[in-house]
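Beneath this line is the structure, given in C-alpha cells, with notes to follow.
The values are calculated or read from the model by the stated rules, or taken from the named source; none is laboratory data. This one's a predicted model, so the numbers in the text were calculated from it and none came from an experiment. In this analysis, Cβ positions are derived from the backbone assuming ideal geometry, glycine residues included, and neighbour counts consider all displayed protein chains. SASA here: full protein model, heavy atoms, side chains in, ligands and nucleic acids out. Shrake-Rupley method; radii C 1.70, N 1.55, O 1.52, S 1.80 Å.
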Amino acid sequence: MIKNIILDFGDIFINLDKPAVFTELSKFGYSGMTTELDTLAKTYEKGLISSSTFISELNNHFPKASPVELKKAWNSILLDFPENRLEFIEALASEDKYRLFLLSNTNEIHIDHVIETMGTERFNRFKFCFERFYLSHEINLRKPDCNIYEYVLLENKLIPEETFFIDDTKENTDAATLLGIKSWNLQVGKEDIIDLKTRL
C-alpha cells in the first residue's frame, strides 16, 4: 500500500522549455554542452557555489553576454504553473491520505524567479501542500544520485515499498526504483500529474 508520495517540480507542476536556455545562450556563442558547463550547472544545483559565483563563471564562458542577460537566459526554461495542477495537489493534501514530499533538482536563481512570477501567496499555497519541500541546492544533493533518495527516506522514516515517486526524467525514476521505490516516469505532453490517482 502506498503511504508516501514524492513529487518532482519541473514539468510535473511547472511547465518547462528545456531547450530555451541553450537557444538563448547560442546568441552569445553557445554551440554545445561541454564537460565544464555541465559540471558548473550540477555544482550550482547542489548549492556548492553561490548564485553570483555561478553567473560569474557562466560569464567567463560567454563574455559577450552581460550578467543580466545570462540570468534572463538561465530563467528562460521556466514557463507557467497551471492552476489545475495547483488545485489538484491542494485537494490531494487536504485528503490527508498520503504523506507528500517535493524533491526537485533546482537552484536559487530559478526558485527566486518562480516565486516572483507566481507571487509569494500562490507559491506558498503550493509549498504548504508538502510535509517537506526538498530543493537540491538547499540539501547539497541532486537526482539521480542514490544518496538523495536515501536522505529523504531516512529523514522521514519512509519504507521504499510504501513510497511512490514521480519524475519526468527516466534516469531519476530508474535510480529510485533501484532502491525499491515505486516510480512513475511521467511522459510530458502525454500524461499529467492530475491523473496521479490512476497510477497508484
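Would a scan of segment 33-56 turn up a residue that is more than 21 Å from the chain's Cα centre (by Cα) and within 26 Å of GLN187 (Cα to Cα)? Within segment 33-56, not a single residue is more than 21 Å from the chain's Cα centre (by Cα) and within 26 Å of GLN187 (Cα to Cα). Among residues of segment 160-173 that are touching a residue at least 60 places away in the same chain (Cβ under 8 Å), those with a Cβ under 6 angstrom from a residue that is open to solvent by 10 Å² or more (accessible area, probe 1.4 Å) and in a strand (DSSP E or B), sequence gap 6+ or separate chain, pair up as PHE164/LYS182; PHE165/SER183; ASP168/VAL188. When segment 60-83 is filtered for residues that are open to solvent by 30 Å² or more (accessible area, probe 1.4 Å) and assigned to a helix (DSSP H, G or I), the ones remaining, listed by number, are ASN60, HIS61, PRO67, VAL68, GLU69, LYS71, LYS72, TRP74, GLU83.
In the set (1) farther than 23 Å from LEU16 by Cβ; (2) among the charged types (D, E, K, R); (3) touching a residue at least 12 places away in the same chain (Cβ under 8 Å), the condition left unmet by LYS157 is number (3).
If you go through segment 43-59 and keep only what is in a helix (DSSP H, G or I) and loosely packed, with under 15 Cβ neighbours inside 10 Å, you end up with SER52, THR53, SER56.
Taking the residues in segment 84-95 that are of a type outside the set (A, V, I, L, M) and surrounded by fewer than 15 Cβ atoms within 10 Å (Cβ to Cβ) as candidates, determine which candidate is nearest to THR23 (Cα to Cα). Spell out the reasoning first.
First pass over segment 84-95, keeping only residues of a type outside the set (A, V, I, L, M): 84-85, 87-88, 90, 94-95.
In the following step, the residues that additionally are surrounded by fewer than 15 Cβ atoms within 10 Å (Cβ to Cβ) were identified as 84, 87, 90, 94-95.
Values: ASN84: 29, GLU87: 32, GLU90: 35, SER94: 40, GLU95: 42 Å.
Going through the qualifying residues, I end up with ASN84.
Is there a residue being modelled with pLDDT of 95 or more, touching a Phe, Trp or Tyr at 6+ places or on another chain (Cβ under 7 Å) and among the charged types (D, E, K, R) anywhere in segment 77-93? The answer is yes; a qualifying residue exists.
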